[in-house]
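Heads up, the thing below is written out as structure tokens.
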Amino acid sequence: MKPLRIAINGYGRIGRCLVRALFESGPRQLQLVAINEPAELKTIAHLTRYDSTFGRFSKPVDEVEDGLLIDGELVRVCGETNVSKLPWGELDIDVVLECSGTFSSRREAEQHLQAGAKRLIFSHPAESEDDVDATIVYGINHRELSGEERILSTGSCTTNCVVPVLDVLRHHLDIEAGMLNTIHSAMNDQPVIDAYHHTDLRKTRSAIQSIIPVDTGLARGIGRFFPCLLGRLESTAIRVPTVNVSAVNLTLTVAQHTDAATVNALIEQAAVQAGAVLGITEEPLASCDFLRDPRSGIVDAGQTRVANGHLVKLLVWFDNEWAYSNRMLDVCEHIQTLDDDIARALVNN
Ligand SMILES: NC(=O)c1ccc[n+]([C@@H]2O[C@H](COP(=O)([O-])OP(=O)(O)OC[C@H]3O[C@@H](n4cnc5c(N)ncnc54)[C@H](OP(=O)(O)O)[C@@H]3O)[C@@H](O)[C@H]2O)c1
């Protein structure tokens, strides 16, 4: 089986987390071939070795002439901001993982394809459904991929967290309406102390001093997966002064009469089937305890409440960096099996 050849565009929190997840989470049929990031090579190497959130990287990282040697594997590093000059054709790149947060339209994605990459996956929701061939939440709809899709998105970390939970509740309890409130760790689009921000006045405020409401398209993103929920959900988000791990507070009205024990039992049953994607815990944990948890969402059973038989409230934890990076790699691995099937079918014909 030929490994899928990957390039990472934008080597920030998600880009670096992808590298750690790839090298530290067991063997996968994926090969990291290149990284494109405007920063200097020595800084890229330093931030690969050391991470304030995840600690020291367990694998050796050496600087070489045009890249990094990670655990003995050569990874070409470019610092190219002109996408048309990226060497994706020369390097035979199967998938670009677009993690710069700078691009989100089909037109921009196509520039990577014109540079020679076979596919591109956005690490965030695309601007509109027309900008991608598919938006994939691994574990929910990845099996719908045919292998022909060229521009994909793996949605947002919050979409990956709540979609598996909503899938269970809509099947068993009939969701009528809901409010989703994301409690998200600080991100690099916020300043450490007050600074100018050009689109959101709240993002001018210091990330380490305040709880900050921010915009979110979570409800809209979920509507793309479950059209039956379009117009029935609303979402809000606040950023809090922690560095990683987040949670979503789901408050839903459901048609079926239920109680907290039943809701938890439904999630537990689904978690067994869903494997790595969905979890539930009865332990009295705090956000730090979910650091490096690879599951997309973990329901906190002790926080489940039901009022009047129809108003359900759940708290779902997720490591917004680690779980999401693992899901991007899961999607790549699935694409690799599809490519392999297509290649085998061609040989047999
Ligand atoms: N962090 C999370 O929890 C999380 C989870 C899921 C999805 N995401 C999504 O993933 C994307 C990246 O988020 P992040 O948190 O990793 O952001 P980040 O830490 O700011 O990383 C982005 C990186 O891309 C670089 N970059 C900027 N323009 C570039 C270009 N034209 N070509 C190549 N690299 C470029 C940036 O360099 P400079 O700093 O020099 O500009 C930075 O190093 C966003 O769309 C975000 O919504 C984030």
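Overview of values
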{"quantity": "In the range 119-132, the residues that are surrounded by fewer than 20 Cβ atoms within 10 Å (Cβ to Cβ) and more than 16 Å from the ligand (Cβ to nearest atom)", "calculated": "E129, D130"}
{"quantity": "Selection status of A255, in contact (Cβ under 8 Å) with a residue 40 or more places away in the chain and either touching a helix residue (DSSP H, G or I) at 6+ places or on another chain (Cβ under 9 Å) or within 15 Å of the ligand (Cβ to nearest atom) (or both)", "calculated": "yes"}
{"quantity": "Exclusive hit being open to solvent by less than 20 Å² (accessible area, probe 1.4 Å), farther than 15 Å from M328 by Cβ, hydrophobic (A, V, I, L, M, F, W, C) and within 14 Å of the ligand (Cβ to nearest atom), set A34, A21, A39", "calculated": "A34"}
{"quantity": "Any hit, the range 44-61, residues being in a strand (DSSP E or B) and either within 15 Å of the ligand (Cβ to nearest atom) or surrounded by fewer than 17 Cβ atoms within 10 Å (Cβ to Cβ) (or both)", "calculated": "no"}
{"quantity": "Cβ pairs under 9 Å, 6+ apart, first in the range 311-327 and over 14 Å from V245 (Cα atoms), second of a type in the set (F, W, Y)", "calculated": "N326/Y138; R327/Y138"}
{"quantity": "Flag for L166 being open to solvent by less than 30 Å² (accessible area, probe 1.4 Å), part of a helix (DSSP H, G or I) and at pLDDT 95 or above", "calculated": "yes"}
{"quantity": "Test set (1) open to solvent by 10 Å² or more (accessible area, probe 1.4 Å); (2) closer than 26 Å to D293 by Cβ - G15 fails condition number", "calculated": "(1)"}
{"quantity": "One residue from G116, G72, G67 being assigned by TED's automatic domain parsing to the domain that holds G10, at pLDDT 95 or above and either open to solvent by less than 20 Å² (accessible area, probe 1.4 Å) or within 12 Å of the ligand (Cβ to nearest atom) (or both)", "calculated": "G67"}
{"quantity": "Extreme residue, farthest from the ligand (Cβ to nearest atom), among residues of the range 184-199 that are surrounded by 14 or more Cβ atoms within 10 Å (Cβ to Cβ) and polar (S, T, N, Q)", "calculated": "Q190"}
{"quantity": "Identity of the residue in the range 290-335, in contact with a Leu (Cβ under 9 Å, 6 or more places away or on another chain) and either among the β-branched types (V, I, T) or modelled with pLDDT under 95 (or both), that ends up farthest from M1 (Cα to Cα)", "calculated": "V312"}
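The values are calculated or read from the model by the stated rules, or taken from the named source; none is laboratory data. Since we're looking at a predicted model, the values are computed, not measured. Neighbour counts run over all protein chains shown; Cβ positions are idealised from the backbone, glycine included. Heavy atoms of the whole protein, side chains included, go into the accessibility calculation; ligands, DNA and RNA do not. Shrake-Rupley method; radii C 1.70, N 1.55, O 1.52, S 1.80 Å.
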